[in-house]
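Read-outs throughout are calculated quantities, based only on the coordinates presented, and are distinct from any laboratory measurement. Since the model is a prediction, treat every value here as computed from it, not as a measurement. So basically every Cβ, Gly included, is an ideal-geometry build from the backbone, and we count neighbours across all protein chains shown.
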Amino acid sequence: MTLDRSRRARAARKRRKRFLAADNDLTAAQWTAIRSAWGCCAYCGGPDESLQKDCVLPLSRGGRYTIENVVPACRSCNASKSNDEVTGWLRRKRLDEPAFLRRWVDVLTTLRPSDGLDDERPDVPGEQERSERDAAVASLHDQHDERDHAAEQEGDQG
Ligand SMILES: [Zn+2]
């Protein structure tokens, strides 16, 4: 029992350390910019009251608190999504997944040029970042499509 408890405590400390380290990447100014760009809960469009930082790719799946990965979420969405993979969760909640992905890319396009962190810009400003984002969104879609097929097959039997 004692051993088990200390192991759990160690895991909790580790999680907290990881959380704090990751949290440092997003500045208060960036969070304000993200929040005002969305103006509502990124997932359900809920009102701008007590919006919380939500990692689109959860920390447990390698996501970090960065301008690319954080969106504002209402308390209800934040609690519900938790560590779930975003596209599958949106689908289960019957939220508009394509609308979210489009809006997310739009918001990032709006935020990116003003953050002033990119000294090594490619010849076409924003072009490289955009293709990276497209790849990220495409990979989300890929994961999602695989799930879709599995769900459809299950559905056929039911
Ligand atoms: Zn919400």
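Inter-label distance, Leu59 to Ser82: 1.5 nm, where each label sits 7 Å from its Cα along the C-beta direction. At 0.36 nm per residue, and after removing the present C-alpha to C-alpha distance, how many nm does the segment from Thr109 to Asp96 gain when stretched out fully? Result for the pair: 2.7 nm of gain on full extension.
Only one residue of Gly62, Ser76, Pro98 has its Cα farthest out toward the positive end of the dipole of the range 62-107, where Lys and Arg carry +1 and Asp and Glu -1 on Cβ, and that residue is Ser76.
Nearest 0.05, what FRET efficiency do Asp134 and Arg16 give at R0 = 35 Å with Cβ-Cβ as r? Walk me through the intermediate numbers first.
Details: r = 34 Å, r/R0 = 0.98.
My answer for the efficiency is 0.55.
Extension gain for the segment Asp48 to Ser6, taken as residue separation times 0.36 nm less the Cα-Cα distance, is 11.1 nm to one decimal.
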